[in-house]
1. For segment A:250-267, name all the residues that are among the aliphatic types (A, V, I, L, M) and crowded, with 22+ Cβ neighbours inside 10 Å.
2. Looking for something closer than 19 Å to A:Q114 by Cα and out of contact with any strand residue (DSSP E or B) (no Cβ under 7 Å at 6 or more places or on another chain) - is there at least one such residue anywhere in segment A:185-207?
3. For segment B:149-202, how many residues are in a loop (DSSP other than H, G, I, E, B) and farther than 25 Å from B:K127 by Cβ?
4. Does segment B:235-255 hold any residues that are assigned to a loop (DSSP other than H, G, I, E, B), at the interface with another protein chain (Cβ under 8 Å from one of its Cβ atoms) and in contact (Cβ under 8 Å) with a residue 12 or more places away in the chain, and which are they?
5. Considering only segment B:275-296, state which residues are closer than 16 Å to B:T238 by Cα and without any contact (Cβ under 8 Å) to a residue 40 or more places away in the chain.
6. Any residue at all in segment A:158-170 that is surrounded by fewer than 23 Cβ atoms within 10 Å (Cβ to Cβ), over 19 Å from A:I49 (Cα atoms) and within 9 Å of chain B (Cβ to nearest Cβ)?
7. Name the residues in segment A:79-112 that are at the interface with chain B (Cβ under 7 Å from one of its Cβ atoms) and in contact with a Ser or Thr (Cβ under 6 Å, 6 or more places away or on another chain), would you?
8. Could you tell me which numbered condition A:E186 fails, if it satisfies all but one of (1) farther than 28 Å from A:L334 by Cβ; (2) more than 14 Å from chain B (Cβ to nearest Cβ); (3) surrounded by fewer than 24 Cβ atoms within 10 Å (Cβ to Cβ)?
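The values are calculated or read from the model by the stated rules, or taken from the named source; none is laboratory data. These numbers come from a predicted model, not from an experiment. When we count neighbours, we look across all protein chains shown, and the Cβ atoms used for this are built from the backbone with ideal geometry, even at glycine.
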Amino acid sequence: MASLLGRFCRKLVVPGSAHGSRMTSTTACGSETVKSLNLYSAINQALHIALETDPRSYVFGEDVGFGGVFRCTTGLAERFGKNRVFNTPLCEQGIVGFGIGLAAMGNRAVVEIQFADYIYPAFDQIVNEAAKFRYRSGNQFNCGGLTIRAPYGAVGHGGHYHSQSPEAFFCHVPGIKVVIPRSPREAKGLLLSSIRDPNPVVFFEPKWLYRQAVEEVPEHDYMIPLSQAEVIREGSDITLVGWGAQLTVMEQACLDAEKEGISCELIDLKTLLPWDKETVEASVKKTGRLLISHEAPITGGFGAEISATILERCFLKLEAPVSRVCGLDTPFPLVFEPFYMPTKNKASSSSSLSSPSKNTHFLIHGFSRLL
Amino acid sequence: MAIWFSRSRNIVFSLRHNLNLSGILIKRDYSPRPAFTNSQLSSKSVCLDSFTSLRHESTAVEKQLDLVQQSDEEDPQELNFPGGKVGYTSEMKFIPESSSLRVPCYRVLDEDGRIISNSDYIPVSEKLAVRMYEHMATLQVMDHIFYEAQRQGRISFFITAVGEEAINIASAAALSPDDVVLPQYREPGVLLWRGFTLQEFANQCFGNKADRGKGRQMPVHYGSNRHNHFTVSSPIATQLPQAAGVGYSLKMEKKNACAVTFIGDGGTSEGDFHAGLNFAAVLEAPVVFICRNNGWAISTHISEQFRSDGIVVKGQAYGIRSIRVDGNDALAVYSAVRSAREMAVKEQRPVLIEAMTYRVGHHSTSDDSTKYRAADEIQYWKMSRNPVNRFRKWVEDNGWWSEEDESKIRSNARKQILQAIQAAEKWDKPPLTELFSDVYDVKPKNLEEQELGLKELVEKRPQDYPPGFQI
C-alpha cells in the first residue's frame with residue numbers, strides 16, 4: 001500500500017503525465033529547484049516560509065514546540081523563537097480562541113489541533129466567533145489571519161478518535177473556508193494560500209499521507225489558489241470528485257475502470273467551502289455521470305451537497321443518478337476499518353462506474369467483477 | 001538535538017546549584033542501576049548521563065529520598081517533582097473546601113459617599129470625578145429611555161446596566177484609550193466613556209444604515225474599532241481566550257497597552273473562562289479580567305452557579321493575581337482597575353478583578369426578574385446601595401457638583417437620547433447588498449448568485465418584504 005501510494009503520488013504530480021492531466025496549479029519552472037518530500041515535510045516547509053515572510057505570524061498548539069506529534073512543526077521554534085512558536089495548554093477552545101484574538105489584532109495565527117477528532121471543543125469559537133467575526137462587526141474587525149490545521153482521516157489503526165473526517169460540520173458554516181490537500185506539493189501551496197487568505201481557514205491534512213506520500217515539491221514560495229478545483233485526470237464517461245487521501249483510492253478505481261473501457265475524469269475539489277461548482281458542473285455536463293467519494297459517513301456528508309448542487313445544475317445531462325461511495329454510518333471502527341472504508345472496490349462496483357458506456361442500459365445493481 | 005543537550009547542561013548546573021548534589025554526582029558510578037532500565041546510561045557522554053540520571057532521580061521518589069539523606073547539606077523536607085520542589089508531610093491533611101473567612105472586599109467610600117479613613121486609593125481630580133459622574137448619570141438616563149423604547153416596540157430588544165454604573169464608568173476611566181476592550185454585553189458605559197456617541201448607540205439598536213455593525217446583530221451588540229472596543233457577541237465567555245490572544249499581541253508589539261475583558265458571575269462557569277485565564281497566565285499575556293459578580297445569571301442565583309467563595313479565589317488556581325472589590329464604589333473600582341492595568345502592562349501578566357455588585361434591572365427586556373426574586377430585594381439595592389448616588393454624594397461633598405448640575409445633565413442627556421432615537425428610527429435600513437457582504441473579505445460566487453436571486457424576488461414581490469431597504 002505504501003509503495004502504491006508513493007508511486008501514485010509521484011504520478012499525480014508529474015506535469016503532462018500519461019493521463020493527460022490538466023495542471024492548473026503552478027508548476028515548477030525549469031530554474032526552480034524541487035525536492036522529494038513527504039507530506040509533513042512539505043507542510044513544515046510551508047510553515048517555515050510563512051513565518052519567514054511575515055514577522056507577525058505565529059504557530060502554536062499542543063506539542064508544536066519540539067516539532068509536533070507528526071513532525072509538521074520541526075525546527076520552527078529553534079528558528080523563530082519560542083515567542084512565535086510555542087506550546088499551549090491542552091485546551092482546544094483556548095487554542096482557537098487565543099488564535100482569534102491574535103488574528104483580530106492583525107497577526108497571522110497558524111494553530112494546530114492535534115487530531116481533527118479533538119476539534120469539537122473549539123467548535124463554538126470557530127462557528128460562533130471566527131466565522132462571524134467580520135460580518136457581525138460590520139467589517140470593523142476580522143480574524144482573517146487565523147488558520148486552523150488538523151490531521152484528519154483514516155490511518156489504518158486509528159479507531160474512533162484518531163480517524164475522523166469532520167469536514168462536513170465546517171462546510172455548513174458561512175464565513176470560514178475549508179481546504180483539504182491531496183499530496184505534499186498541493187499541501188505546501190494550499191497551506192500558504194490558506195495562511196495568507198484574509199479569511200479564517202480550517203485546513204485538514206490527510207494524516208495517512210504524512211509519511212506515505214512522497215512527491216517532488218518546489219522549494220520556493222508558491223501558492224495554489226483556493227476555491228479552484230482541479231481536473232487531475234481527464235476522461236469522457238464519468239466524473240469522479242473527491243479530496244485528500246481519497247483521491248489515491250479513486251485514482252486506482254479509475255485505472256481499473258479504464259481496463260474495462262470506461263474513461264474517467266477525476267477532480268480534486270481542494271477547497272470544500274466555498275467550493276468550485278463550475279468545474280464540476282462543466283465536467284458532468286460532458287460526461288453525464290457523477291461519483292463522489294469521501295471517508296466521512298455518507299449521511300449528511302459533503303457528498304450530499306455536491307450531489308444536490310449538480311442535480312440542480314445538470315439534471316437534464318445526467319444519464320444516471322449521482323453516486324456516493326463513502327464511509328458507513330457508524331463511528332469509525334478499529335478492527336472493521338477495511339470494511340468501513342470506501343475502497344476502490346466499492347467505487348468500482350458502484351452503479352455509476354459499472355455501466356461502461358453511455359449507450360448501454362443503466363444497471364441498477366452494482367456488480368463486483370472488478371474485485 | 002544540540003539545543004536539547006545545552007538545555008540539559010543548564011538544567012544539570014542549576015540542579016547542582018539548587019540541590020547541592022555535586023557531592024553525590026562525583027560519588028556516583030555510571031553503571032546501570034537496578035532502578036533504571038534506561039540503556040542510555042552506559043553509553044552516552046557524561047553530560048547526558050548526569051542529566052538522565054538526575055531526571056530519573058527526580059521521578060523515582062524512593063531513590064531520591066536515599067540520596068537526599070546521604071547529603072549533609074540538603075534539606076530533607078523537600079521532594080523534587082516535574083513541577084519543582086515541594087515539601088512533604090506525614091500528616092494527612094485535606095485542604096478545606098473554603099477558608100473560614102471570605103476574601104474581603106476592597107472599598108474606599110462608605111455607603112454615605114465618605115472616604116473611609118486610611119484607605120489606599122488613587123486620588124481622582126475634580127475634572128475626572130465630574131466627568132465620571134456625568135457619564136454614570138448619562139448611562140442611567142440612556143438605560144431608562146432605551147428600555148422604554150423597547151417596551152414601546154420601537155426597538156426589538158435591550159439590555160440595561162442598572163446598578164452597575166460604577167463598574168462601567170470607573171473601569172473605563174482607569175484605562176488608557178489604547179487598551180483593547182473585549183466586553184460581554186453589560187458594559188456599554190465603557191464605550192460611552194470612550195466617545196461612542198448617543199446617536200451611534202441608537203443607530204445600532206435600530207440597525208439603520210448608519211449602524212457601524214450594518215444592522216446584522218440584535219441591539220446592544222455594539223462594536224467600534226475607532227474606540228478599541230471589540231464587537232459584542234451573545235455567546236458567553238468566548239471573549240476571554242480571545243483577550244489572552246489580544247494581550248499577547250500587544251506584548252509582542254511592545255505596546256503600552258493591555259487587553260481588558262469583562263464577564264459576569266455566570267460566565268465564569270463556562271469552559272472559556274478556564275481557557276482564557278489559563279492561557280493568559282501560561283503565555284504571560286497582559287490581560288485584566290474583570291468579573292461583574294452581580295448575583296444573578298438571568299434567573300440563576302450565584303448559589304446555583306458555584307460553590308467557591310465567588311470568583312476571586314479562582315485566580316490563584318491559575319497563578320493569577322486577584323482582588324475582590326466593591327463594584328458599587330467608583331473610587332475603589334477606579335483604583336483597582338488602574339493598578340491592575342499597570343501591573344498587567346509593566347509585568348506582562350494577567351490580573352483578575354472580581355467586582356461585587358447587584359443587577360438591579362432585569363436580565364434583558366425579555367426577562368421579568370420579579371418572577372424569581374423578591375421585589376423588595378431589588379428595591380433595596382436600587383435605593384440604598386445605589387452606586388450613582390453614593391459617588392454623587394462624594395462629588396457633591398467636595399463641592400464639585402450641585403443640584404443645578406444634576407438637573408442639567410439629566411435633562412440634556414434625556415434630550416439628546418430622545419433626539420438620537422427619533423433620528424435613528426427615521427433613517428433607512430442598510431441596503432440589501434449588506435446582507436451578503438463581509439461574510440468573507442470578497443463575496444464568493446455562491447453569494448453573488450444568491451444576491452441576484454433575492455434581488456429578482458424582491459423586485460417581483462415587494463409586498464412580501466419590509467420597506468426601507470434599498471435594493
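1. Selection gives A:M250, A:A253, A:A257, A:I262, A:L266, A:I267.
2. The answer is no, given that none of the residues of segment A:185-207 is closer than 19 Å to A:Q114 by Cα and out of contact with any strand residue (DSSP E or B) (no Cβ under 7 Å at 6 or more places or on another chain).
3. Of the residues in that region, 15 qualify.
4. B:T238
5. B:A275, B:G276, B:F279
6. No - not one qualifying residue is present in segment A:158-170.
7. A:L102, A:M105, A:N107 - these are the residues of segment A:79-112 that are at the interface with chain B (Cβ under 7 Å from one of its Cβ atoms) and in contact with a Ser or Thr (Cβ under 6 Å, 6 or more places away or on another chain).
8. Checking A:E186 against (1) farther than 28 Å from A:L334 by Cβ; (2) more than 14 Å from chain B (Cβ to nearest Cβ); (3) surrounded by fewer than 24 Cβ atoms within 10 Å (Cβ to Cβ), the one that fails is (3).
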